[in-house]
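Peer 1: Dropping the structure in here first, questions after.
What follows is calculated from the coordinates using simple rules that are stated; it is not laboratory data. Everything quoted here is computed from the prediction, not taken from an experiment. Heads up, the Cβs are rebuilt from the backbone with ideal geometry, glycines too, and the neighbour counts pull from every protein chain shown.
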Amino acid sequence: MTPIRDKNPRVKLEPDAYDRLRLEILERDHWRCQNCGSLLHLQVHHQELSSHSGSDTDENLITLCDVCHRRAHRLRF
């Protein structure tokens, strides 16, 4: 029988650290929505939602415009 592994603990940053990471993500993604290429109304999205234990890490964050961000959340539910 295979033992059940503990889930990786969620990384949750303090507000100041998250703000710095958010700017790093926007710069990494060249201030463009990674879905449609828009330069307007950009937001940082947790690909694995924070409400589902998604971490505040650069691997889990992506830049989306507000339209694509709303669409991403609608498609998940």
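Each row is one residue, and each column tells you yes or no for (1) more than 22 Å from ARG74 (Cβ to Cβ); (2) among the aromatic types (Phe, Trp, Tyr); (3) in contact with a Leu (Cβ under 9 Å, 6 or more places away or on another chain); (4) crowded, with 16+ Cβ neighbours inside 10 Å.
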position: ARG20; (1), (2), (3), (4): yes, no, yes, no
position: CYS36; (1), (2), (3), (4): no, no, yes, no
position: GLU48; (1), (2), (3), (4): no, no, no, no
position: THR57; (1), (2), (3), (4): yes, no, yes, no
position: THR63; (1), (2), (3), (4): no, no, yes, yes
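Table: residues versus (1) in a loop (DSSP other than H, G, I, E, B); (2) within 23 Å of LEU13 (Cα to Cα); (3) within 10 Å of the chain's Cα centre (by Cα).
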position: LEU23; (1), (2), (3): no, yes, no
position: TRP31; (1), (2), (3): yes, yes, no
position: GLY37; (1), (2), (3): yes, no, no
position: HIS45; (1), (2), (3): no, yes, yes
position: SER51; (1), (2), (3): no, yes, no
position: GLY54; (1), (2), (3): yes, yes, yes
position: GLU59; (1), (2), (3): no, yes, yes
position: ILE62; (1), (2), (3): no, yes, yes
position: CYS68; (1), (2), (3): no, no, no
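Peer 1: Which of the residues spanning the range 12-21 are out of contact with any Asp or Glu (no Cβ under 7 Å at 6 or more places or on another chain) and part of a helix (DSSP H, G or I)? If you could, list the steps in order and put the result at the bottom.
Peer 2: From the range 12-21, those out of contact with any Asp or Glu (no Cβ under 7 Å at 6 or more places or on another chain) are 14-17, 19-20; that's our starting set.
Matches in the range 12-21: PRO15, ASP16, ALA17, ASP19, ARG20.
Peer 1: Please identify the pairs in which a residue from the range 52-77 that is closer than 16 Å to ASN35 by Cα has its Cβ atom under 7 Å from the Cβ atom of a residue that is β-branched (Val, Ile, Thr) and crowded, with 17+ Cβ neighbours inside 10 Å, counting only partners at least 6 apart or on another chain.
Peer 2: LEU61/ILE25; LEU61/VAL44; THR63/ILE25; THR63/VAL44
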